[in-house]
Amino acid sequence: MSPMLKYQLNDYKKPVLYYYMIFIAIFILSAGSTNITFNGSTSSIQFAGIEFASMIFLFVTGLNSFKDNFFMGIQNGVTRKELFKTHLLEMIIIAAVMSVADQIFLVIGGQVANVISSLEFSGLMQIGYPEYFSNQSLLILTLTNLVFKFVLYTMAIAIGYFITVAFYRMSKKIKTIVSVGIPVTLFMLLPMLDELLYSAGIVDLHISSRIGNFMLAVTGSSSGNPWIACLFFFVIMTLMCALSWLLLRRATIKNR
Amino acid sequence: MKIELKDVSKKFQDTQALNKVNLNFEEEKIYGLLGRNGAGKSTILNIIANRQWASDGQVFIDGQSAWENSQAQKKVYLMSEKCMYPGSMKGEKALKWSAAFYPEFDLDYAKFLADAFELNLNKKVSSLSTGYSSIFKLIVALSVNTPFVFFDEPVLGLDANHRELFYQKLIEKYSEKPFTVVISTHLIEEISQIIEEIIIIDHGKIIFNESCEELLQRGYTVSGPINIVDRLVAGLNRIGSDQLGGLKTVTILGEQNFSDLPKGIEIGKLDLQKLFIKITSNKGVNNDHESNA
């Protein structure tokens, strides 16, 4: 194993460990608290879509996995190409490990939920694709679950990494414009424009509804097929990685 | 084994940081890379160490292109002003990781140096003072055992004792196992005793590149009463002059050929710093730069 990959994986070790420790602690506490009766009624706890928490966690770690590694790598004679390769390998390893870990938690959680009736435990696929979930064999379901998680997690890391590399390459001025411009455009200008166009009768359906429908289609929710989502996540991940490489290959060490 | 820079240019927006620089760093020599602020010293080192790319030209390390070449990059180590180690990393861990990246890294020697410099390796790299941050980076650079080690402002923030200790350890290390050392600094006086070769860069161009001893032999100073000195140095390659009261000191580049010196005239040796100031002063090399004290 190259020292850079070892270094980068080492960087992930503690956060991943802490994440699962917190997760397990919350699960144990929650499972225990379902037996507590309050005013004659027993509390009910629902764990839904644990993959979503993992996805957010990996997105944040992706955001934090560029600058320090880039500086450390360049200081130690590691080229940008090597750095990017090790980032891809690291992304694959972390996503694979967490996919398996989350799948194991889903199985264990499901078994515990079978025993404790007031505890509900379900994965993202179970919620998003209920028909597919109830019609497939256990083997196919496990395989789909693993692939779904894996591409989702790699996509989360890739998006986080791309954002951080892009921000690193931007000048202070551009950084400010992007930081202010994107939220203002997404959450103020576009909804206003959407409403204006709809009220004026220029469009027969809100743009936001069109985007929503598009998202339902590309994530396979409307057709009930999780493999469409896998393909979509894979395309986004590939695109993010390609853009990250284009930005990284000419990145220089900034003095400030 | 050598490092070659061929027609290397670097432009930062409107600033031409390097302009067709041609330079060689030979095996097992100690170089002083001198230049004023913004002359292009750090840019040269950053391009060699793959931190920045050249706008034009090429850098070769042992015959291989330096840009994005891990094999070539493993032969060089750049200790720069900027700390490249993660701030949250402790000194000891940073040394261990350096050893993982550089197979020849001498961890025991690094720990010995840390003791000698009284550096606490249990402290986080980010919490070190400017001086100790420089010491930490110096320790890594002295222990890394690559054929080429570049020091960019190595004694930044170091007190006199630590500066002396650094020069002493550097010479010891070089004597035991010679390697190519390139020191880029403003403290010319301090390194003048240890450098063999001197490279002076000004406004992105190499204006001197020769042996330190030869360079110093090429110049001398003539001091004495103003009118006599002026008469004596007329027609010579004057690179600067200082005036104090009725006395004048003129710096000359060239061989000293006076057979008979008038009374009151003294010929002095050039020191490196003085020569550097003279030739990099804004008025250029061949202009007689008058300064009145």
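Each value in this text was obtained by applying a stated rule to the coordinates, not by laboratory testing. The structure presented is a predicted model; accordingly, all values stated were derived computationally and were not measured. No Cβ is skipped: glycine too gets one built from the backbone with ideal geometry, and neighbour counts run over all protein chains shown.
Structure data summary
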item: Top of B:78, B:261, B:121 by mean-square fluctuation, Gaussian network on chain B, Cα under 10 Å; result: B:261
item: Per-residue average of Cβ from other chains inside 10 Å of A:66-76; result: 6
item: Selected from A:144, A:178, A:125, residue furthest toward positive end of dipole (region A:119-256; charges at beta carbon); result: A:178
item: Over chain A, relative contact order from alpha-carbon pairs under 8 Å, at least 6 apart, %; result: 26 percent
item: P(r) of chain A over all Cα-Cα pairs, binned every 5 Å from zero, in whole percent; result: 1, 5, 10, 13, 14, 14, 13, 11, 9, 6, 3, 1, 0, 0
item: Between region A:83-152 and region B:1-69, the alpha-carbon center distance in angstrom; result: 51 Å
item: Relative contact order of chain B, defined on C-alpha pairs under 8 angstrom at six or more residues apart (%); result: 19 percent
item: As computed over region A:120-256, the Cα convex hull volume per residue (Å³); result: 170 Å³
item: Amide H within-cut-off set for residue B:34, under 5 Å, with H built and near neighbours excluded; result: B:199, B:200, B:201
item: At R0 = 25 Å, FRET efficiency that the Cβ-Cβ distance of residue A:5 and residue B:71 yields, to 0.05; result: 0.90
item: Kirkwood Rh and Cα Rg combined as Rg/Rh, chain B; result: 1.03
item: Mean residue ellipticity (222 nm) of the protein assembly as shown, computed from DSSP H runs ≥ 4 via -39,500 (n - 2.57), nearest 500; result: -16500 deg cm²/dmol
item: Exercise: per-residue mean of other protein chain Cβ atoms within 10 Å, B:67-73; result: 4
item: ³J(HN,Hα), Karplus 6.51/-1.76/1.60, whole Hz, each residue of region B:190-202, x for Gly, Pro; result: 5, 8, 4, 7, 10, 7, 9, 10, 10, 10, 10, 10, 9
item: Helical segments meeting 24 Å axial Cα length and Kyte-Doolittle -0.5 threshold in chain A (DSSP H); result: A:3-33, A:80-115, A:138-169, A:226-248
item: Region B:3-214 - share of DSSP beta bridges that are antiparallel (%, nearest 5); result: 55 percent
item: Gaussian network model of chain B, Cα within-10 Å springs - most flexible of B:195, B:267, B:252; result: B:267
item: Residues with amide H under 5 Å from that of residue A:47, placed H, sequence gap 5 or more; result: A:120, A:121, A:122
item: Label-point separation, residue B:261 to residue B:175 (7 Å along Cα→Cβ), nm; result: 3.4 nm
item: Counting DSSP beta bridges with both ends in the protein assembly as shown, the antiparallel % (nearest 5); result: 60 percent
item: Approximate spin-label separation residue A:120-residue A:21, in nm, with each point projected 7 Å along Cα-to-Cβ; result: 3.2 nm
item: Most mobile of B:263, B:205, B:173 in a GNM of chain B (Cα contacts under 10 Å); result: B:263
item: Calculated diffusion of region B:176-217, Stokes-Einstein form, Kirkwood radius summed over Cα pairs, 25 °C and 0.890 mPa s, µm²/s; result: 214 µm²/s
item: Amide H contacts of residue A:203 (H built 1.01 Å from N, under 5 Å, at least 5 apart or other chain); result: A:198
item: FRET E, pair residue A:107, residue A:234, Förster distance 35 Å, beta-carbon r, rounded to 0.05; result: 0.90
